[in-house]
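Shown next, in structure tokens, is the structure this report addresses.
The values are calculated or read from the model by the stated rules, or taken from the named source; none is laboratory data. On a predicted model such as this, the values are computed, not experimentally measured, just so you know. Cβ placement follows ideal geometry from the backbone for every residue including glycine, while neighbour counts extend to all protein chains displayed.
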């Protein structure tokens, strides 16, 4: 059943990713200019939505930035980044999304990243962590969906787009 729906069923990886993002938060057009600023904004969103303890803020940012320096999570061809880390003190798998019609940051000169989904999980949740990353990847495959999220009027509209029930009214 899941294969036929492309993971779009209620319990498929795509919809699990949407539910994780919904709980973590959606940040539209944040005033970021660097990778670290975008990560910091999403960490603050996760903290604000009680998905990440405030005491983990600096450790979380450092873990993601260190991991990114080893291997970039930017998919430059589509302007998406999915930075992630497994971190002690995280309960379950958490994620937040930031999007802008321009650039959250530049992966390299002239290569804008306009959508970032930040994912954290507890260190012992290896399979769940990988499943969340796969679900986010499936979710952001559609160029149409990415453009609609980048131009969403607000977070509820972006969430409707992610769920697949946004219709034309969800576009800005």
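For beta carbons closer than 9 Å, sequence separation of 6+ or different chains, a first residue in the range 136-155 that is free of Cβ contacts under 8 Å to residues at least 40 places away in the same chain and at negative phi and a second that is part of a loop (DSSP other than H, G, I, E, B) and buried (at least 17 other Cβ atoms within 10 Å of the Cβ), the qualifying pairs are 145/166; 148/166. Search the range 112-130 for residues being in contact (Cβ under 8 Å) with a residue 12 or more places away in the chain and more than 24 Å from residue 150 (Cα to Cα), and hand back the single one that is surrounded by the most Cβ atoms within 10 Å (Cβ to Cβ). Selected residue: 121.
One residue stands out in the range 41-78 among those that are modelled with pLDDT of 95 or more and in a loop (DSSP other than H, G, I, E, B): the one that is farthest from residue 20 (Cα to Cα), namely 53. Among the conditions (1) in contact (Cβ under 8 Å) with a residue 60 or more places away in the chain; (2) part of a helix (DSSP H, G or I); (3) under 21 Å from residue 137 (Cβ atoms); (4) in contact with a helix residue (DSSP H, G or I) (Cβ under 7 Å, 6 or more places away or on another chain), residue 27 misses just one, which is (2). Taken over the range 107-165, the criterion of being closer than 14 Å to residue 81 by Cα, in a loop (DSSP other than H, G, I, E, B) and either touching a helix residue (DSSP H, G or I) at 6+ places or on another chain (Cβ under 7 Å) or at pLDDT 95 or above (or both) is satisfied by 114, 140.
A single entry from 29, 103, 36, 99 fulfils the requirement of being within 17 Å of the chain's Cα centre (by Cα), buried (at least 18 other Cβ atoms within 10 Å of the Cβ) and modelled with pLDDT of 90 or more: 99. Annotation: residue 45 fulfils all but one of (1) surrounded by 15 or more Cβ atoms within 10 Å (Cβ to Cβ); (2) out of contact with any strand residue (DSSP E or B) (no Cβ under 7 Å at 6 or more places or on another chain); the unmet one is (2). Screening 143, 109, 134 for residues that are under 17 Å from residue 94 (Cα atoms) and either surrounded by fewer than 17 Cβ atoms within 10 Å (Cβ to Cβ) or over 16 Å from the mean Cα position of the chain (by Cα) (or both) leaves exactly one candidate, 134.
Would you point out the residue of the range 77-90, among those that are more than 21 Å from residue 143 (Cα to Cα) and touching a residue at least 40 places away in the same chain (Cβ under 8 Å), that is surrounded by the fewest Cβ atoms within 10 Å (Cβ to Cβ)? Per the criteria, the residue is 86.
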